[in-house]
There are 6 protein chains.
Amino acid sequence: MRPSGRKTDQMRKISFERNFSKHAEGSCLVKFGDTHVLCTASLEDKTPPWLRNSGKGWVTAEYGMLPRATGERMKREAAAGKQGGRTQEIQRLIGRSLRAVVDLEALGERQITIDCDVIQADGGTRTASITGGWIALHDCLKWMEARNMVKVDRVLKDHVAAISCGVFATQPVIDLDYLEDSAAETDANFVMTGSGAIVEIQGTAEGTPFTEDEFLTLMRLARNGIGELVTLQKQAIL
Amino acid sequence: MRPSGRKTDQMRKISFERNFSKHAEGSCLVKFGDTHVLCTASLEDKTPPWLRNSGKGWVTAEYGMLPRATGERMKREAAAGKQGGRTQEIQRLIGRSLRAVVDLEALGERQITIDCDVIQADGGTRTASITGGWIALHDCLKWMEARNMVKVDRVLKDHVAAISCGVFATQPVIDLDYLEDSAAETDANFVMTGSGAIVEIQGTAEGTPFTEDEFLTLMRLARNGIGELVTLQKQAIL
Amino acid sequence: MRPSGRKTDQMRKISFERNFSKHAEGSCLVKFGDTHVLCTASLEDKTPPWLRNSGKGWVTAEYGMLPRATGERMKREAAAGKQGGRTQEIQRLIGRSLRAVVDLEALGERQITIDCDVIQADGGTRTASITGGWIALHDCLKWMEARNMVKVDRVLKDHVAAISCGVFATQPVIDLDYLEDSAAETDANFVMTGSGAIVEIQGTAEGTPFTEDEFLTLMRLARNGIGELVTLQKQAIL
Amino acid sequence: MRPSGRKTDQMRKISFERNFSKHAEGSCLVKFGDTHVLCTASLEDKTPPWLRNSGKGWVTAEYGMLPRATGERMKREAAAGKQGGRTQEIQRLIGRSLRAVVDLEALGERQITIDCDVIQADGGTRTASITGGWIALHDCLKWMEARNMVKVDRVLKDHVAAISCGVFATQPVIDLDYLEDSAAETDANFVMTGSGAIVEIQGTAEGTPFTEDEFLTLMRLARNGIGELVTLQKQAIL
Amino acid sequence: MRPSGRKTDQMRKISFERNFSKHAEGSCLVKFGDTHVLCTASLEDKTPPWLRNSGKGWVTAEYGMLPRATGERMKREAAAGKQGGRTQEIQRLIGRSLRAVVDLEALGERQITIDCDVIQADGGTRTASITGGWIALHDCLKWMEARNMVKVDRVLKDHVAAISCGVFATQPVIDLDYLEDSAAETDANFVMTGSGAIVEIQGTAEGTPFTEDEFLTLMRLARNGIGELVTLQKQAIL
Amino acid sequence: MRPSGRKTDQMRKISFERNFSKHAEGSCLVKFGDTHVLCTASLEDKTPPWLRNSGKGWVTAEYGMLPRATGERMKREAAAGKQGGRTQEIQRLIGRSLRAVVDLEALGERQITIDCDVIQADGGTRTASITGGWIALHDCLKWMEARNMVKVDRVLKDHVAAISCGVFATQPVIDLDYLEDSAAETDANFVMTGSGAIVEIQGTAEGTPFTEDEFLTLMRLARNGIGELVTLQKQAIL
């Protein structure tokens, strides 16, 4: 029995609020239940140094948490003077995941930065960031298309979305909330495209190592969930 | 004529959304027009080191801006590795302003941290932070009162609110938005209590220095505006 | 009764020692009683990046305290690895105050950095820095005039000087020394030009908030004191 | 055809040189072909603060690369003033992987730090670090057993080893060297125990996302390779 | 011919201004010609952690330069966020030199910090710092003696002073000023006690390596100069 | 009697292992007994900014210690976020020492970085670094000569090597190991060229200051030892 009463293959209520931010070229407040992440896309008319004169652009991501997004207040990273290892890991993952569905040449020598700021956290902030970040990226490309800078369909090759699965109280379940996440024996994040291809898998045994069968069960749960997320993304950008 | 069409003594639409955050002991999303600041109050059961065994508590504030809260994306301070001078100035101001209406002995040996994170910026983020921070602080004390830790009325001696005034296109105006702020010749922030006493005045001539008369006009505008803000705070906490 | 025996409207003994430094283009050791600040002006033949090709120059300030300028040794900021919030606030104030009387176009694409280093502190270091910094800036411009780089009178539009006032033991007094400053209920710093216009006002209630009347009394005291400071500046640069 | 002429399921020559370091409680120079990593285990007689009085110990890891371990000299992280995101990701992975086979209660309130320093890099430094780190950890526990501090068999529950697999030139291959790694379309790191359970999976599509079948092929390759690595570990500690 | 017209064995005019600082337990403005260093001694009633409960005290030094102490303004180390290698080298040298004549047990569990801040630089700042730092240390111990905390003669075992010598235009000369220092082929700093024993020697060939004979000539010059410095120290503390 | 049983003028077993690193243009694992330092030379085709368009090149050094090179694990400098004062002192010394025998004009506008990383420490790491660094530098120049970039003999004017001497248990001894170093009353490092000229002398009295005679004895020991080191360098590069 899950603390939230959800079924093992039931994700939390998912919503996307587009154009949340007045200033950004694309933005989306994504909610996976009580996990709320503001994703904004910022366009810059130049690439990072290592791509200059390559004809290619870049998509990168930064991730942050408001200090009281969590149950206990965390130290503000700006005050601490550096981003922690977890933050860096997550923002690298978001960037890689989004780039997997972007044609960087079709983007041209520009950079889009996806900022994912967690307003409220209840587990699954990285998967919400990827899923909502895709919407912000899409809307930024729409903004560019309206100015004849790119064709959305040539730059954005597919959807990308992500979900966590894990073994909670011996049961494989999807979309772990904080209570489940902190008690889970095993925890895996899956990032997949709209066509079902795998972009990234991160599986970690927090306690006991897991078997291949357990892992395959989690992957099946994830495949279904990501299918639903892609459907929701499609409805959101209609 | 103000860009927004407002009258010289007309503030933007102000709103307070209490309990915005699931986790914090007190929280408030404050809006001054398109300036949106999330204020959370976090209670800790110990004071900073210099107050240990003094019988007194402490109220402090931290301030941050999401990178794309503004028209152009700003570098994330956590990634830059330090908080800029402007950030530090503002968070020190918020902390001093709130402490001016708190009885630190009645609070007891505890610390309340008010985090003010700007979700969207359109001028006046520091005055919105103080005004909304007071609500978050109040609600945190209510939370404590419900647990028999303090009496709100003994800790919180008065309201405190803040507003900016400035000379825009030769006219003294209240509650400058970003367009006005960047063009203003003179700019002053006023922090006052519910009973009309002055907590903090910061007046700066960006271009031409200003006369005492101009300054007094700004102070009169501020006094009226802060009166309204306090009324709105009172309605909000009913 | 003030600890120093001064009258309420009596400033400490003020002196300016020009050309204190062998190397700087302009320099001044300014003393407000036991507060001693070395102000040097350093000319660079280029502007900060954001003014390049704008035809305008820049005046900026940096502030520091020797570790044992104070009663208790303070941690050296260079060893701590960063400038504290107070330092940044003060150096931003000094820079803004001096720029208020400089015609940046007449200066041309150059930068002048005013370093204000507190050799000994006894309250009022920021106001001494502004008042002495003006002398260093003036002498730097004289140095440039002697080399046909600028006309002093076209760049430097007016004097600027600063003083603190506060309510000490219920009495409004001018030019607080450390003993008064640490006990004052209210504390305001005023920066004004030679012609009496206001450049900056920073009023803070350390304890009880203050009334408008109290504030106006402090402003009157400041206006007189700054008048005297400007007279002393004029004598110093004869 | 692999650049090294290896078969698709053939790992590089693996070797472990135990007791490489005179000072460390356990140490091992591990070589996966031209990738050489020095792993040392350092015992401290106290736990990190969050475990104090918990009866439990801790195993953690740090990772570094000598600046010229690579084809182009990289900036020294100590000189840069911080560890990069990649470094943090890797050292967190090593730590988690080793802890998966350690009984922290049986270790008692002590900390063992595994330092993995890459002397020479040719791809697969993180998997070599985990595999060699296990030897260093084992030898540290032996050192402790000789002093009656622990029983090795009670603390160390199993072997752990790691290998990378990827799709290079459309072929799934094991143990990618640098040439393969930089050209691979897909890249996955697997960490498994001696009994074949999964500790960590990290799969990343660098270019085209991959299918579930491709992934399962990589996992099969990894399972066999890790089996061999565990056999080599067993021979090494005889 | 030396640029200053001095003879090869002639030091610059040396002076010590004791009690320069109102607050410090000991202080001295030392001048070696145009090199001016403010040395302050600050007493703390506790030792660094590694000496706790050892019965011994500690003497340490910090060194800094005002940004415009030099011909060209240098970046402020506090703003740069760290102390440079040269600064650290010098402050470690000052500390070691002073400790060489201190009986740390007779000092008791206290720390004295000697801050050496260069107000104006013209070569030889580190040797001036050591020579003047000894005066500040002596006066701090006098201050302590007056409070029955220590006996000066039991803590301070001897004088210590320092001078630079170098080969300038093929001539061995003493007490190099900036012009000589920047052109010197060889440069050596000597630290010796009142009784003529050697505390520290740092000889560096900037250009051509030097012979043993050249080095011995420099050491003879230094021995005489330090003899004079000690005489001046004795007069200063009368 | 020395702890190692060596005679007072007997150095430890010295060895140079050239081409230790697959990637570097020059490399050498140098051993002075149990002190093992990996020296690599990395060539870059540009100079530091201050030499641009000067026709001159640069040789610089960086120094590091693996955390467990020592008896007790030291904090990793990359994790601490900065290089300590000792590290900076040593790497500046290595760079100066090597530059003393390099013709920077003959090198041309290129930079060679000598990284000296201590794999295992047992005293004398800085002198081993200089002595082994010379081999790495030599081999880098050979690599360049093979590509017609320079003539080794025109760039490298002489050998340079270094050794420490000290007074241990009242006896002057050469090449102190860790046990001797930590107990030595006096400690001096000598850097000399193949022709016997002095490049750098650093003598420090850890406890009692030393006499000139003692110092001269140490210098004689060093001269002989460095003669041997240069002979070994010559054999190594045959």
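Find how many whole Å separate the alpha carbon centroid of region D:3-73 from the alpha carbon centroid of region E:131-167.
Each part reduced to its Cα centre gives a spacing of 50 Å.
Between copies, how far does the label point of residue B:46 sit from its twins, in nm, shortest first, when each point is 7 Å from Cα along Cα→Cβ?
Reported distances to equivalent positions: 1.5, 1.5, 4.7, 4.9, 4.9 nm.
Run through every distinct alpha carbon pair of region F:1-85 and return the Kirkwood hydrodynamic radius in angstroms, one decimal place. Kindly include the intermediate steps, with their values, before the conclusion.
Working: mean 1/r = 0.0607 Å⁻¹.
Value: 16.5 Å, from the Cα pair sum.
On a full-extension model of 0.36 nm per residue, what is the gain between residue B:8 and residue B:52, subtracting their alpha-carbon distance, rounded to one decimal in nm? Don't skip to the end; give the middle numbers.
Numbers: separation 44, 0.36 × 44 = 15.84 nm, distance 4.80 nm.
Value of the extension gain: 11.0 nm.
Using only the alpha-carbon atoms of the protein assembly as shown as identical scatterers, what base-10 log of I(q)/I(0) does the Debye formula give at q = 0.09 Å⁻¹?
-1.48
In terms of Cα to Cα distance under 18 Å, which lysines are near enough to residue F:157, apart from those fewer than 8 places away along the same chain?
F:56, F:142, F:234
Just D:41, D:106, D:80 to compare: in a GNM of chain D, with alpha carbon springs under 10 Å, which one fluctuates most?
For chain D, modelled as a Gaussian network with Cα springs under 10 Å, the answer is D:80.
Please determine, in degrees from 0 to 90 and to the nearest 10, the orientation of helix A:125-146 with respect to the longest principal axis defined by the Cα atoms of chain A, where the helix direction is its Cα long axis.
Relative to chain A, helix A:125-146 is tipped by roughly 20 degrees.
Counting only other chains, and only Cβ atoms inside 10 Å, what mean value do you get across the residues of F:207-220? Working shown, then result.
Details: counts 2, 5, 15, 5, 4, 9, 0, 2, 4, 3, 0, 0, 3, 1.
Across F:207-220, the average partner-chain Cβ count within 10 Å equals 4.
State, as an integer percentage, the relative contact order of chain A based on alpha-carbon contacts under 8 Å between residues 6 or more apart.
It rounds to 21 percent for chain A.
Taking a cut-off of 18 Å between Cα atoms, list the aspartates and glutamates near residue E:151, but don't count ones fewer than 8 places away on the same chain.
E:25, E:44, E:45, E:103, E:105, E:109, E:139
Read phi for every residue in region B:205-212 and hand back ³J(HN,Hα) as whole Hz from Karplus 6.51 cos²θ - 1.76 cosθ + 1.60, θ = phi - 60°, with x for Gly and Pro.
Values, residue by residue: 8, 6, x, 6, x, 10, 8, 4 Hz.
If I build a Gaussian network model for chain E, linking alpha-carbon pairs within less than 10 angstrom, which residue out of E:205, E:24, E:78 has the largest mean-square fluctuation?
Between E:205, E:24, E:78, it is E:78 that shows the largest mean-square fluctuation.
Amide H neighbours of residue E:65 under 5 Å, at least 5 residues apart or on other chains, H built in the peptide plane: list them.
E:118
To the nearest 500 deg cm²/dmol, what mean residue ellipticity at 222 nm is calculated for chain B from DSSP H runs of n ≥ 4 alone, each contributing -39,500 (n - 2.57), summed and divided by the residues?
About -10500 deg cm²/dmol.
What nm value, rounded to one decimal, do you get for the distance between residue B:74 and residue C:44 when each label is placed 7 Å out toward the C-beta?
With each label placed 7 Å out from Cα toward Cβ, I get 2.3 nm.
Once amide H atoms are placed 1.01 Å from N in the peptide plane, what residues at a sequence separation of 5 or more from residue F:168, or on another chain, have their amide H within under 5 Å of its amide H?
Correct list: F:173.
Out of the GluC sites (Glu not before Pro) in region C:1-86, which ones are loop residues according to DSSP with at most 13 other C-beta atoms within 10 Å? Don't skip to the end; give the middle numbers.
Working: sites: C:17, C:25, C:44, C:62, C:72, C:77; in loops: C:25, C:72.
Answer in residue order: C:72.
For a quick check: with amide H placed at 1.01 Å from N, whose amide H comes under 5 Å from residue E:57's, ignoring anything fewer than 5 positions away on the same chain?
E:105, E:107, E:108, E:110
Along the positive direction of the dipole of chain B (beta-carbon charges: Lys, Arg +1; Asp, Glu -1; about the Cα centre), which of B:97, B:107, B:168 reaches farthest?
Highest projection toward the positive end goes to B:107.
Between residue A:185 and residue D:15, how many nm apart are label points set 7 Å from Cα along the C-beta direction?
For residue A:185 paired with residue D:15, the spin-label model returns 4.1 nm.
Apply the Karplus curve 6.51 cos²θ - 1.76 cosθ + 1.60, θ = phi - 60°, to the phi angles in region F:24-35 and return the couplings in whole Hz, x for Gly and Pro.
Whole-Hz 3J(HN,Hα) from phi for region F:24-35: 6, 5, x, 7, 7, 8, 9, 10, 10, x, 8, 8.
Please report, in debye to the nearest 20, how large the charge dipole of region F:1-151 is about its Cα centre when each Lys and Arg carries +1 at its beta carbon and each Asp and Glu carries -1 there.
380
Against the longest principal axis of chain F, how steep is helix F:85-99, in degrees 0 to 90 to the nearest 10, with axes from Cα atoms?
Relative to chain F, helix F:85-99 is tipped by roughly 60 degrees.
How large are Rg and Dmax for region A:81-139 when only the alpha carbon atoms are used, in Å?
Final numbers for Rg and Dmax: 12.5, 37 Å.
Can you work out the Karplus-derived ³J(HN,Hα) for every residue in region B:67-73? Use 6.51 cos²θ - 1.76 cosθ + 1.60 with θ = phi - 60°, whole Hz, and x for glycine or proline.
x, 10, 5, 10, x, 10, 4
When the dipole is taken about the Cα centre of the protein assembly as shown, and only Lys, Arg (+1) and Asp, Glu (-1) are charged at their Cβ, what size is it in debye, to the nearest 20? Before the final figure, lay out each step's value.
Details: 180 positive and 192 negative charges, 1 e Å.
My answer is approximately 0 debye.
Go ahead and set up a Gaussian network model of chain A, Cα springs under 10 Å, then flag whichever of A:103, A:139, A:175 fluctuates most.
Residue with maximal mean-square fluctuation among A:103, A:139, A:175: A:103.
Specify whether the C-alpha gyration tensor of region B:42-81 places it in the rounded, prolate or oblate class, a ≥ b ≥ c being the square roots of the eigenvalues: rounded for a/c under 1.5, otherwise prolate if a/b is larger than b/c and oblate if not.
Details: a/c = 4.80, a/b = 3.19, b/c = 1.50.
Taking the square roots of the gyration eigenvalues as a ≥ b ≥ c, region B:42-81 is prolate.
On the first, second and third principal axes, largest extent first, how far apart are the outermost C-alpha atoms of chain A in Å?
52, 42, 31
Considering every residue in B:52-62, what mean count of other chain Cβ atoms within 10 Å of its Cβ is obtained?
Working: counts 0, 0, 0, 0, 0, 0, 0, 0, 0, 0, 7.
That average works out to 1.
Just want the answer: with Cβ charges of +1 for Lys and Arg and -1 for Asp and Glu, which residue in B:43, B:205, B:28 is farthest toward the dipole's positive end in chain B?
B:43
The numbers here are math on the coordinates, done by the rules we state, and not lab data. Computed from a prediction, not measured in an experiment: that's the story for all the values here. When we count neighbours, we look across all protein chains shown, and the Cβ atoms used for this are built from the backbone with ideal geometry, even at glycine.
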